[in-house]
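In what follows, a structure is listed as structure tokens, so that the remarks can point back to it.
The values are calculated or read from the model by the stated rules, or taken from the named source; none is laboratory data. None of these values were measured; they are calculated from a predicted model. Neighbour counts run over all protein chains shown; Cβ positions are idealised from the backbone, glycine included. The protein model used for the area step is the full one, side chains on, heavy atoms only, and it has no ligands, DNA or RNA in it. Shrake-Rupley method; radii C 1.70, N 1.55, O 1.52, S 1.80 Å.
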Amino acid sequence: MAGRWIEHWEPEDETFWREKGERIARRNLWFSVLSEHIGFSIWTLWSVMVLFMGPEYGVDPAGKFFLISTATLVGALVRIPYTFAVARFGGRNWTVFSAFTLLVPTVAAFVVMEPGTSYTTFVAVAALTGIGGGNFASSMTNINAFFPLRKKGWALGLNAGGGNIGVPVVQLIGLLVIGTAGATHPRIVLGVYIPLIVVAALCAAYFMDNLAPVQNDTGAAKDAVRDPHTWIMAVLYIGTFGSFIGYSFAFGLVLQTQFGRTPLQAASLTFIGPLLGSLIRPVGGWLADRYGGARITLANYAAMAAATGVVVYASGVESLTVFLIGFTALFVLTGLGNGSTFKMIPGIFHAKAIAQGLRGEEAAAQGRRLSGAAMGLIGAVGALGGLAINLAFRQSFQTSGAGTAAFWSFLAFYGVCFALTWAVYLRRTAVVPAKPQLSYAEV
């Protein structure tokens, strides 16, 4: 897998970008989206498989929440090594490898998905699907290196949004299978994805590139770990992406458990929210490019708190219609927030590089170096938010038979994120040290 290596890459040079860079970057973006899209589908595969698990499987709702929580946890943890794999092996090479490895959990699920399989086996196979979550981290780190700062919000939003659409797509395929073949044929879903995985890997091999200037820099990882902004942004990303992936995993089960929907009825509703949240993610990046990521993120958290209030009310009065309106709004807002928060990351580190006296391509290179390392850590912590959401639902349903208590905890957390965004990035005193004219509100 020696691959194609590009030795010279300066996207901040407008002449280079116009004459050569943009065409190459866009080509890598599209095929990165394809691979990440399949990765997300496999990561969230068990949000669909549990809809096929009727009484004959002998797994109660708490057990099903644990299955999807296991996939969420593994997907979060593998994001850290996947982030640094791009610099070690090359973006193209790692995309090919990580795409092919998706065959392992898919084929394993195909083998075991039938009544009589032990619960321990289901947990192990669900854990394997977590490697699909790692594809996001490597893909975002890779695309971050291809694009100039002024284009990162749009590019990262499109890359992530295209990947996120893998969630509703696998749920829509599950709906089609349940609606046509019935809830006893989960292997059809898995059979659809096996050839798609091969196609994604081959496309990456033929059409993507490695960037030689992106070198494995362990110092960047250490610097990112020590920087408080890495962990501040990780908390904010828990509120956006953690909510998106946690709700995506849990939505169908909540509909079945709290509102008594059948597998077909749940599947017919499950994909709508993740689809809208995925489609709008590039819009969040574009708005952040235009108005500043911190401003968009602050407004978004206020709206998320309001939408959660609607869901709490609907859960209390048991109104499915109002519940769906509030939950769909939450999905849309998580997508917007995903785009704006990820735009903030490269902007923050670029601003800090300027504050340290760097200029031009030197400042941009330093920003790419630290933001690329930070993205993996932030993405991993953010995905753990999805685990927390599923565990909160599990506990809430175990103790009260409804998800109302879990939603109250989510509402409180969004309030914390709102206050944190304002205090760190939007107060008048929240300016880059040694560069008071450059506010973090601009990132």
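Mean separation of Cα pairs under 8 Å and 6 or more residues apart, divided by the residue count, gives region 65-192 a relative contact order of 33 percent. On a 0 to 90 degree scale, rounded to 10, what angle separates helix 119-128 from the longest Cα axis of the chain? Roughly 20 degrees, rounded to the nearest 10.
Here's the picture: a label point sits 7 Å out from the Cα of residue 321 along the beta-carbon direction, and within region 261-284 the residues with their amide nitrogen under 20 Å of it are 261-262, 265-266, 268-270, 272-273.
Model label points for residue 313 and residue 16, set 7 angstrom from Cα along the Cα-to-Cβ axis, are 5.4 nm apart. Relative to the longest principal axis of the Cα atoms of the chain, the long axis of helix 404-421 makes an angle of roughly 10 degrees.
For an R0 of 51 angstrom, estimate the FRET efficiency from the Cβ-Cβ distance between residue 184 and residue 207 and round to the nearest 0.05. Efficiency for this residue pair is about 0.85. Overall, the anisotropy analysis places region 171-265 in the oblate class: the square-rooted eigenvalues a ≥ b ≥ c of its C-alpha gyration tensor yield a/c not less than 1.5, with a/b not exceeding b/c.
The length gained by stretching the chain between residue 398 and residue 30 to full extension, at 0.36 nm per residue less their Cα-Cα distance, is 128.2 nm.
Would you work out the relative contact order for the chain, in percent, from Cα pairs under 8 angstrom that are 6 or more residues apart? It comes to 25 percent, rounded to a whole number.
Database remark: amide H of residue 13 closer than 5 angstrom to no amide H (H placed geometrically; neighbours at sequence offset of 5 or more, or on other chains; Pro and chain starts carry no H). In this structure, the pairs whose alpha-carbon distance is over 25 Å, taken from 64/343; 222/343; 20/152; 151/222, are 64/343; 151/222.
Helices in the chain, meaning DSSP H runs of at least 4 residues, each add -39500 (n - 2.57). Divided by all residues, the mean residue ellipticity at 222 nm is -26000 deg cm²/dmol.
In the context of the full set of protein chains, residues of region 77-143 present 33 Å² of accessible surface per residue (probe radius 1.4 Å, heavy atoms only). Can you pull out the GluC sites (Glu not before Pro) in region 1-69 whose DSSP state is coil and whose Cβ has at most 10 other Cβ atoms within 10 Å? Answer by residue number: 7.
Taken per residue, the accessible surface of region 258-334 reaches 39 Å², heavy atoms only and a 1.4 Å probe. In degrees, nearest 10, range 0 to 90: what is the angle between the Cα axis of helix 320-355 and the longest Cα principal axis of the chain? So the helix axis and the longest Cα principal axis differ by about 20 degrees.
Taking a ≥ b ≥ c as the square roots of the eigenvalues of the Cα gyration tensor, region 63-126 is oblate, since a/c reaches 1.5 or more and a/b is not larger than b/c.
The relative contact order of region 1-119 comes to 36 percent, based on Cα pairs under 8 Å that sit 6 or more residues apart. Overall, the accessible surface of the chain at a probe of 1.4 angstrom is composed of carbon and sulfur to the extent of 66 percent. What does the C-alpha gyration tensor say about the overall shape of the chain? Classify as rounded when a/c is under 1.5, otherwise prolate if a/b is larger than b/c, or oblate. Note, shape of the chain comes out oblate. When each of the peptides 358-365, 61-68, 38-45, 417-424 is scored by the mean number of other C-beta atoms lying within 10 Å of its residues, the order from highest to lowest reads 38-45, 61-68, 417-424, 358-365.
Computed over neighbours whose Cβ is under 11 Å from that of residue 156, the net charge equals +3, Lys and Arg +1, Asp and Glu -1. Backbone N atoms of region 125-145 closer than 15 Å to the 7 Å Cα→Cβ label point of residue 192 are not found in any residue.
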